[in-house]
Amino acid sequence: MLWKIRTELADRPGALAELAARCGADDINILSLEVFTAETGAVDELVVSTGVGWTAADLTTLVTEAGCSRTTVRPCQADVLSDAPTRYLRAVLRLIDDPVSVDEELGNLQGFEEYTPAEWARADVLVEIAGRLAERYEGFVVDGPRPGSGVPELRKATVEDAQAVVDMHERCSYESRTRRYHVPMPKLTHRTARHLAAPAGGVSIVAAVGDAVIGMATAAPWEELGSTTMEVAVLVEDGWQGQGLGLQLLRRLVVEARALGADRVVCVVQPENHAMLRTLERLRMRSRVVQDGDNLTVTVALSDQSLSHAVDRPPVQYRRTRATPSHRSQSLRSAGQPAREHPLAALPALQPIPGRAGAADRDGADRGGRP
């Protein structure tokens, strides 16, 4: 049976030899090996062949006994033995015919939930290719309802809205999708649309005219920052922008997030996205904005203690929530470069973040890399 093992080797000479010797002693054949460089050290991905009776738990124990840590083991098929460049080139060929399948391609190619920096870079390129290919089909999209054709109804989204959410994304421009997702987002798959419409532990609000969705706001737990923090994001179809619909969606979303127990919401905004920054300002709620890398992190307080600095949290990586698809791009800030307060005066309460590299304050403003 074939297994894919991802593990962090001990940071000492001979660590890989020790793992290989341990496998050899148990008649486990290492068929392929790929080494990734990560912030915490070397991450090795092995494909091994075992006899009958081995389980993922058995292999995890073996690897741990060889001095490795943070181990993940999964069964796999023989196609993983193709070299990585060939597998990625074949994925590009499939995307030419079906750019919507980028989610599935990434899942098949990389297979683990946590990406290394090298895998983030590969994913970014594939997403960009899919986005450019999807743009070729924009001319075939049927127009949705326009202002004046009906009064938008705001309601909670369900998985039944997945197709309407996909249709709305297809009607949105390249620029609107990029501002929402921070990458050239291709057409959504139904699977991703279902996750966005009904995020686990969160909520989505849609603005609908008849059966068509023309706007959507999503709040999903940011678990690394605690159970009371949610990430929010808003997308409004181009023809309906500038009508105040984004503010209506965001206000309804804040109410629903508070009802779910959130005491603050966090929104990551590109500095040039003035429309979203104005929408956040018009909430007229206590807020803080800091610049983190190339983006602005806006935290909106839902309780009196939301923006307290009383508790520090360890740094966490972005894009591990359900408000935003996980294949967005990531650019890591150089070591020792803290998040800094942005001079933007549009938001009501700007509080400086003490300069400290890599530390996360209570609102998670400095949490390592952001796309």
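Data for the structure
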quantity: Of the criteria (1) open to solvent by 20 Å² or more (accessible area, probe 1.4 Å); (2) of a type in the set (V, I, T); (3) under 22 Å from L9 (Cβ atoms), which one T50 fails; calculated: (1)
quantity: Residue among R258, R251, R264, R278 that alone is of a type in the set (D, E, K, R), farther than 23 Å from A193 by Cβ and without any contact (Cβ under 8 Å) to a residue 40 or more places away in the chain; calculated: R251
quantity: Residue match in the stretch 225-247 (condition: modelled with pLDDT of 90 or more, among the acidic types (D, E) and buried (at least 18 other Cβ atoms within 10 Å of the Cβ)); calculated: yes
quantity: Index of the failed condition, Y115 passing every other in (1) at pLDDT 90 or above; (2) among the aromatic types (F, W, Y); (3) under 30 Å from K187 (Cα atoms); calculated: (1)
quantity: Residue match in the stretch 252-262 (condition: basic (K, R), open to solvent by 50 Å² or more (accessible area, probe 1.4 Å), in a helix (DSSP H, G or I) and modelled with pLDDT of 95 or more); calculated: yes
quantity: Checklist (1) at pLDDT 85 or above; (2) surrounded by 14 or more Cβ atoms within 10 Å (Cβ to Cβ) applied to A57, failing item; calculated: (2)
quantity: Total residues in the stretch 75-91, condition open to solvent by 60 Å² or more (accessible area, probe 1.4 Å) and closer than 15 Å to L31 by Cα; calculated: 6
quantity: Of the criteria (1) open to solvent by 50 Å² or more (accessible area, probe 1.4 Å); (2) within 17 Å of the chain's Cα centre (by Cα); (3) at pLDDT 85 or above, which one Y181 fails; calculated: (1)
quantity: Test: residue in the stretch 164-177 that is under 21 Å from E272 (Cα atoms), of a type in the set (S, T, Y) and in a helix (DSSP H, G or I); calculated: yes
quantity: Candidate set from the stretch 263-285 (those that are touching a Leu at 6+ places or on another chain (Cβ under 7 Å) and in a loop (DSSP other than H, G, I, E, B)); member that is surrounded by the fewest Cβ atoms within 10 Å (Cβ to Cβ); calculated: P271
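The values are calculated or read from the model by the stated rules, or taken from the named source; none is laboratory data. Since this is a predicted model, take the numbers as computed values, not measurements. Please note: Cβ atoms are built from the backbone with ideal geometry, for glycine as well, and neighbour counts cover all protein chains shown. Just so you know, the surface numbers come from the protein's heavy atoms only, side chains and all, with ligands and any DNA or RNA stripped out. Shrake-Rupley method; radii C 1.70, N 1.55, O 1.52, S 1.80 Å.
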